[in-house]
Amino acid sequence: PMARNKHPEETVEKILMVSRRLFAEKGYEHTTIQDIVNALGMSKGAVYHHFQSKEEIYDRIYDEYYAALDPSPTSASLSGRTGREKLTSFLLHCLTDPEKVSLDRLRPDLERNPRLLVSMLRGMEDAVGMVLPLIEEGNADGSLCVARPRETAEAFLLLANLWLGLLPGTPEELMEKFRVLKDFCDGVGMPILDDEVLAALGRYVEQVSSGKPDPQP
């Protein structure tokens, strides 16, 4: 009988690390499960034991990134004293963190990968759990005035991730959409998209869409 794998978490991390390298080198669409198997030197069965598909591997890479984030109001990683400042700081982190930018440059064509789109929608609830406490803190300290915090968090994340993320258009069109998103945020009492965030978004769009080498931290 085959020896049982005593360290499955190590195998999973190795699969994720090698897959991410191949996605970066070849592009997500041009990387096959067989490419991953060959690079790992494992059997295809060993990979399929942990992941059913390439989409599932990419999904886990993204999940692990977000699991490591701590945007709670008490987080020392968020600069700013008020809820509004912390929320703006969180947005800036998502637009400028080299690891996040690198992941977003690898994002597959979601029209051809509907499973990933469904997974992204399911993951939105986790993101609401990150943003909602900051909105509530801003309401409490007077830096925000949001009448419906949960619904506002959901609407903001849907617009930011799906409207901006999946239907970006040209960089110029994306910046116009961002300005509409800013109008939305200002209108609901959540003025968090300032000039610094706008500038960061411009750099982010350029890095993600240009195919340049990953930004160095």
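Every number here is computed from the coordinates shown, using simple stated rules; none is lab data. Just so you know, these numbers come straight off a predicted model, no measurement behind them. Ideal geometry is used to build each Cβ from the backbone, glycine not excepted, and the neighbour counts take in all protein chains shown.
Kirkwood Rh, the range 131-200, all Cα pairs: how many Å? Walk me through the numbers before you get to the answer.
Numbers: mean 1/r = 0.0794 Å⁻¹.
Hydrodynamic radius (Kirkwood, Cα pairs) of the range 131-200 is 12.6 Å.
So what is the calculated 222 nm ellipticity per residue for the chain, using -39500 (n - 2.57) for each DSSP H run with n of 4 or more, over all residues, to the nearest 500 deg cm²/dmol?
Working: 10 runs with 141 residues, N = 217.
Mean residue ellipticity at 222 nm (helix-derived): -21000 deg cm²/dmol.
Past the 12 angstrom mark, what percentage of all C-alpha to C-alpha distances in the range 92-147 do you count?
75 percent
How big is the gap, in Å, between the Cα center of the range 1-68 and the Cα center of the range 148-182?
31 Å
Can you give me the three principal axis dimensions of the chain from its C-alpha atoms, in Å, biggest first?
Reported extents, whole Å, longest axis first: 65, 37, 31.
I want to verify a result. In a Gaussian network model of the chain, Cα cutoff 10 Å, which of these has the top mean-square fluctuation: R107, R122, R20?
R122
Working from Cα positions, state the angle (0 to 90°, nearest 10) between the long axis of helix 8-26 and the longest principal axis of the chain.
Roughly 80 degrees, rounded to the nearest 10.
Relative to the longest principal axis of the C-alpha atoms of the chain, give the angle of the C-alpha long axis of helix 114-141, reported between 0 and 90° and rounded to the nearest 10°.
Between helix and principal axis, roughly 40 degrees.
D for the range 82-196, whole µm²/s, Stokes-Einstein with Kirkwood Rh over alpha-carbon pairs at 37 °C and 0.692 mPa s: what number?
Details: Rh = 14.9 Å.
After rounding, the answer is 220 µm²/s.
Cross-link list K26/K182; K14/K100; K14/K54; K54/K86; K14/K86: which exceed 25 angstrom alpha carbon to alpha carbon?
K26/K182; K54/K86; K14/K86
Under 4 °C and 1.567 mPa s, how fast does the range 115-167 diffuse according to Stokes-Einstein, given a Kirkwood radius computed over C-alpha pairs? Answer in µm²/s, whole number. Don't skip to the answer; put the middle values down first.
On the way: Rh = 11.7 Å.
My calculation gives 111 µm²/s for D.
Net charge near R81: determine it from the other residues with C-beta under 15 Å of the C-beta of R81, scoring Lys and Arg +1 and Asp and Glu -1. Let's see the in-between values first.
Values: positive: R84, K86; negative: E85, E137, D141.
Residues close to R81 contribute a combined charge of -1.
In degrees, nearest 10, range 0 to 90: what is the angle between the Cα axis of helix 171-187 and the longest Cα principal axis of the chain?
50 degrees
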